[in-house]
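Everything below concerns the one structure shown next.
Quick note: the coordinates plus some simple rules give every number you see, no bench work behind them. All of these numbers come straight from a predicted model, not from anything done at the bench. Every residue, glycine among them, receives a Cβ derived from its backbone with ideal geometry; neighbour counts consider all protein chains shown.
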């Protein structure tokens, strides 16, 4: 299934786009999604932290994705 992925901050810089499409198997987990993502964009794997949000909520690696889910890459954030 095709996933539309929203990017922010450094993840947008790495992918070069506000949204990217990624193909994953039906019933893929967030962990499997991340493996496909890192294969397509290897620099993302080097980030010190990268959270995945599905439908506006943080997702753990075991969560199963469904067609139509809104996926967002939440990069490391620093502030002072």
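With respect to residue 69, determine if the residue is without any contact (Cβ under 8 Å) to a residue 40 or more places away in the chain, assigned to a loop (DSSP other than H, G, I, E, B) and within 12 Å of the chain's Cα centre (by Cα). In short, no.
Number of residues in segment 41-50 that are surrounded by 12 or more Cβ atoms within 10 Å (Cβ to Cβ) and either without any contact (Cβ under 8 Å) to a residue 24 or more places away in the chain or part of a helix (DSSP H, G or I) (or both) equals 3. Among the residues of segment 23-39, the one identified as in contact (Cβ under 8 Å) with a residue 24 or more places away in the chain and in a strand (DSSP E or B) is 29. Selection of segment 16-34 for residues being within 11 Å of the chain's Cα centre (by Cα) and surrounded by 15 or more Cβ atoms within 10 Å (Cβ to Cβ) yields 20, 22, 30, 32, 33, 34. Scanning segment 1-15 for residues that are part of a loop (DSSP other than H, G, I, E, B) and crowded, with 16+ Cβ neighbours inside 10 Å turns up just one, 7.
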